[in-house]
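The block underneath contains the structure these notes are about, expressed in structure tokens.
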Amino acid sequence: MAFRKIRTLGDPVLKKTAKPVTEVNDKIKELAYDMLDTMYAANGVGLAAPQIGVLKRIVVIDVSPEGNQPIVLINPEIVSASGSQTGDEGCLSVPGKAGCVTRPNEVTVRAWNLKMKEIEVKGTELLARALCHELDHLDGIVYVEKVEGKLHDVNAEA
Ligand code: ZN
């Protein structure tokens, strides 16, 4: 288990575009596992590599209530999106805040898994929101740029 420091809003790394991963080697696997450890420790449902200062196209997500369904996506791309949902969104890089964002209600993402096999992940509702949010991080976009209205404070324990 290794935890990495989560970068917060204002850190220039969050505005940069991450580079594709060319090979899923042991170093990439270790990075992905560290990202999962870091996400779970912070009680998040998703984390993108730039949030720990690594400009590689890797995201981890787990929207299950029990926190036992980790998804690791390497070089993810949205291949289809439909519908829309509007609701509150938060980010580990913007602690204690949330804001209203409109996202597709259903998305399909194609990516490599940790075995460098191509997989497709289809998500609706919260998973669709998490996929869009985390993929945005790979292009240097933090959700605060998409917020409708103002950010508001959230209970840190929520
Ligand atoms: Zn985020």
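Quick notes on this structure:
- The C-alpha atoms of region 27-88 occupy a region whose extents along the principal axes are 37, 26, 19 Å, arranged from largest to smallest.
- Rounded to the nearest 20 debye, dipole of region 1-119 from Cβ charges on Lys, Arg, Asp, Glu: 460 debye
- Of all DSSP beta bridges in the chain, antiparallel share, percent nearest 5: 95 percent
- Coil-residue GluC sites (Glu not before Pro) of region 96-158, DSSP, other Cβ within 10 Å capped at 14: GLU157
- Pairs from LYS16/LYS117; LYS97/LYS150; LYS122/LYS146 whose Cα-Cα separation, in the structure shown, is over 19 Å: LYS16/LYS117; LYS122/LYS146
- Among SER84, VAL94, ALA128 the positive-end extreme of the charge dipole of region 81-139 (Cβ point charges): ALA128
- Chymotrypsin sites (Phe, Trp or Tyr not before Pro) restricted to region 1-98 and DSSP loop, no more than 14 other C-beta within 10 Å: PHE3
- Placing dummy labels 7 Å off each Cα toward the beta-carbon, the span from LYS146 to THR22 is 3.1 nm.
- Paired Rg and Dmax values of the chain, which use every Cα atom, in angstrom: 14.5, 43
- Here is the list for region 50-158: trypsin sites (Lys or Arg not before Pro) lying in DSSP coil, each with at most 15 other C-beta atoms within 10 angstrom of its C-beta, are LYS115, LYS117.
Just so you know, all these numbers are worked out from the coordinates, no wet-lab data involved. Remember, predicted model here, so these are calculated numbers, not experimental data. Neighbour counts are summed over all protein chains in view; Cβ atoms, including those assigned to glycine, are modelled from backbone coordinates with ideal geometry.
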